[in-house]
Amino acid sequence: MTEGPAAAPVRVFLVDDQQMVRAGFRMLVESQDDMVVVGEAGDGGEALERLAVTTADVVLMDVRMPRLDGVETTRRLLATDAPPRVIVLTTFDLDEYAFAAIRAGASAFLLKDAAPPDLLGAIRAVQAGDAVVAPSTTRRLLDHFAALPEPAAATTDDRLALLTEREVEVLTLIARGLSNTEIAAELVVAETTVKTHVGRILAKTGSRDRVQLVVLGYESGLVRA
């Protein structure tokens with residue numbers, strides 16, 4: 001039997017103001033058969049210029065950079081047509097820059113000292129559309145929102161009005177950090193049904209991925225700490 005064509009490698013773009021850090025990421029990424037580095041930049045402004053003429057699937061984005069930081073770079077990048085997915089890289093576990101970048105549309109964040117398998121797994125997961133790179137990512141998001149003041153009532157967010165009662169249930173469980181398998185068990189439905197609901201919720205709310213749904217659940221007041 002003839003095998004189908006091999007999947008195209010994930011195109012990765014590196015953004016960090018430290019050349020040695022970029023070199024390390026480049027070596028790691030290019031050691032993988034299913035990934036290729038298509039470019040790099042030393043700050044946000046340079047990144048936007050180069051990404052305007054470079055097609056990338058995933059951007060590894062440092063948040064603290066001169067000239068234009070990773071938060072504003074992420075916001076501007078994701079406002080373009082068919083933008084890449086962004087993984088924010090931060091030195092500090094509870095970094096306000098990282099959370100601001102998540103709000104700006106980044107799919108996930110990782111510590112710069114993450115183990116190589118974790119970083120590579122994050123790139124593959126984000127490329128596949130699963131923004132919850134690891135339980136710890138959602139856990140840190142939940143811990144962060146738990147420390148915030150009580151949000152406004154859920155009814156103030158127009159996006160929630162677009163959802164069915166069942167979709168609101170699913171969104172609530174996503175915001176609590178449950179996986180599709182756990183949601184299926186909680187609601188006593190098939191996991192494929194949950195995936196269908198998640199897809200519809202993403203489309204109706206204009207969210208890019210599950211991390212954005214966690215943010216929505218807390219900022220709208222649907223889920224309380």
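Among E96, E40, E191, the order of accessible area from largest down is E96, E191, E40, computed with a 1.4 Å probe on protein heavy atoms.
Note on surface exposure: K195, K112 rank K195, K112 by accessible area, highest first, 1.4 Å probe. Relative contact order of segment 4-92: 30 percent, from C-alpha pairs under 8 Å at least 6 residues apart in sequence. The apolar share of the surface of segment 24-116, taken as the fraction of accessible area on carbon and sulfur atoms (1.4 Å probe, ligands and nucleic acids excluded), comes to 51 percent.
The values are calculated or read from the model by the stated rules, or taken from the named source; none is laboratory data. The structure presented is a predicted model; accordingly, all values stated were derived computationally and were not measured. The accessibility values were calculated without ligands, DNA or RNA, using every heavy atom of the protein model including side chains. Shrake-Rupley method; radii C 1.70, N 1.55, O 1.52, S 1.80 Å.
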